[in-house]
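The values are calculated or read from the model by the stated rules, or taken from the named source; none is laboratory data. Computed from a predicted structure; not experimentally measured. Heads up, the Cβs are rebuilt from the backbone with ideal geometry, glycines too, and the neighbour counts pull from every protein chain shown. Heads up: the accessible areas ignore ligands, DNA and RNA and are worked out on the full protein's heavy atoms, side chains in. Shrake-Rupley method; radii C 1.70, N 1.55, O 1.52, S 1.80 Å.
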Amino acid sequence: QVQLVESGGGLVQAGGSLRLSCVASRLTFNTYTMGWFRQAPGKEREFVAGIIRNGNTYYADSVKGRFTISRDNAQNTVYLQMNSLKPEDTAVYYCAATQSIAVRATIAYNYWGQGTQVTVSS
């Protein structure tokens, strides 16, 4: 059974940084598009960033220039470096995997992690 395990969340002050990690197991990692999504209380889950097999990256407008997604295929791991964090970035962040190239579409993802909480204080 495929497993995605996120880590790295926590409490940080506005302007600070966090690095999220997601380790995948029981899938051929380098054949998957990997995405990060987030869900704030009372809101729908939304796309944050994605990276496809060839390394091309995609970002939501709200995080462009502040967040960076990367992957290490040898370690079956995808990262999300988050800089210049804002209170509106507060959410549960989820890692997800798909073999589709529809990188921004929540519905395209087959596998999801359990989520990690990110809280940004003002």
Rounded to the nearest 10 Å², the accessible area of L11 using a 1.4 Å probe with every protein chain kept is 130 Å²
FRET efficiency (N30, N110; Cβ distance; R0 22 Å; to 0.05) is 0.85
Reported to the nearest 10 Å², K86 has, with a 1.4 Å probe, an accessible area equal to 80 Å²
Quick calc, the chain, dipole around Cα centre from Cβ unit charges on Lys, Arg (+) and Asp, Glu (-), nearest 20 debye, gives 140 debye
So, relative contact order of the range 18-122 in percent, Cα under 8 Å, 6 or more apart, is 31 percent
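Using the scaling law 2.2 N^0.38 Å as the reference, what is the normalised Cα Rg of the range 60-122?
1.21
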With the 1.4 Å probe rolled over protein heavy atoms, the range 62-122 has an accessible area per residue in Å² of 48 Å²
For E44, E6, E88, the accessible-area ranking with a 1.4 Å probe, largest leading, is E44, E88, E6
Scoring the range 76-122 by relative contact order with C-alpha pairs under 8 Å, at least six apart, yields a percentage of 47 percent
For R66, R53, R45, the accessible-area ranking with a 1.4 Å probe, largest leading, is R53, R45, R66
Computed over the range 1-54, the Cα gyration tensor eigenvalues, each multiplied by 5 and square-rooted, give semi-axes in Å (largest first) of 24, 14, 12
Expressed as a percent, the accessible surface of the chain that is carbon or sulfur, using a 1.4 Å probe and the full set of protein chains, is 46 percent
Hull surface over four for the Cα convex hull of the chain, reported in nm², is 6.8 nm²
Heavy-atom accessible area of V2, protein chains in place, probe 1.4 angstrom, given in Å² to nearest 10, is 30 Å²
Semi-axes in Å, largest first, for the range 43-85 (Cα gyration tensor, √(5λ)) are 19, 12, 10
